[in-house]
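Take a look at the structure below.
The values are calculated or read from the model by the stated rules, or taken from the named source; none is laboratory data. Worth saying up front: this structure is predicted, and the values here are computed from it rather than measured. Cβ placement follows ideal geometry from the backbone for every residue including glycine, while neighbour counts extend to all protein chains displayed.
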Amino acid sequence: MIFSRGTIDGIAAALAVHGLILRGGFNIADDEAAPAGNSGSAAKSALLVGQAGAAPWPHFQRWLVRQARGIANPLDTWSREVIGAVAQEFGARAVSPSDRPYLPFQQWAMRAEKLKPSPLGILMHPTYGLWHAYRGALLFEEGIFLPEPQEAIHLCDTCVEKPCMKSCPVDAYSERGFAHEACLGHVRGPRGEPCRAGGCLDRNACPYGTSYRYPSGVQAFHMAAFARL
């Protein structure tokens, strides 16, 4: 069975209530290793769920004020709750990027939207730049009728200056990869206030998708979660 465009539109509408969007999808071939679907049988298709810019933030904040103080990983919890409810409505299994064992979300995203990683590791989107995220996926035991996605323009290929590699005070990103400990030490230290208050300086230096850039309060939330502040 292959479900209809109308079903996909219904899923998109249910997610939009929470500021979330569908981020493409794909069918899983019979000879591929597949995660389980809702009943435990192998999934035949996946729809990725995420965001463009900070659209979910007001919805998340309204949810958060109703929760007990000190809830662990609140954004993950909210995402699981919202996407899980949509999954239940449409007969899917909801999975999250933070589920263990980890599922290959970045590979799924590259497959669904034909994106490539930026020098910071975040997938570069031709419209949203670096200001987007994947919050979960819906796994179905039926196929999906979806047009084959076109290869996305990889903006990093045409960016000569690469300001995203030159703005960090401790050169956390380089051709050698991400210097995790150096980044953490700086963010937590006395000179890390600009990063704590406004987010990663390298990410903010990227010239693409700036109209989708997360507000400073949203970036501060994510930085605090990353650095466990």
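Overview of values
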item: All positions within the range 46-61 that are hydrophobic (A, V, I, L, M, F, W, C) and part of a strand (DSSP E or B); result: ALA46, LEU47, LEU48, VAL49, ALA52
item: Count of residues meeting criterion [charged (D, E, K, R), in a loop (DSSP other than H, G, I, E, B) and either buried (at least 16 other Cβ atoms within 10 Å of the Cβ) or in contact (Cβ under 8 Å) with a residue 60 or more places away in the chain (or both)] in the range 125-161; result: 2
item: Neighbours by Cβ (under 8 Å, 6+ apart or cross-chain): first from the range 171-194, closer than 21 Å to PRO117 by Cβ; second part of a strand (DSSP E or B); result: ALA172/PHE178; ALA179/TYR173
item: Filter result for ALA13 (at pLDDT 90 or above and either in contact with a Cys (Cβ under 8 Å, 6 or more places away or on another chain) or assigned to a loop (DSSP other than H, G, I, E, B) (or both)); result: no
item: Scan of the range 162-209 for residues that are assigned to a loop (DSSP other than H, G, I, E, B) and either within 15 Å of ILE122 (Cβ to Cβ) or not assigned by TED's automatic domain parsing to the domain that holds GLN219 (or both), ordered by number; result: LYS162, SER167, CYS168, ALA172, GLY199, CYS200, CYS206, PRO207, TYR208, GLY209
item: Condition met for GLU81 (among the acidic types (Asp, Glu) and modelled with pLDDT of 95 or more); result: yes
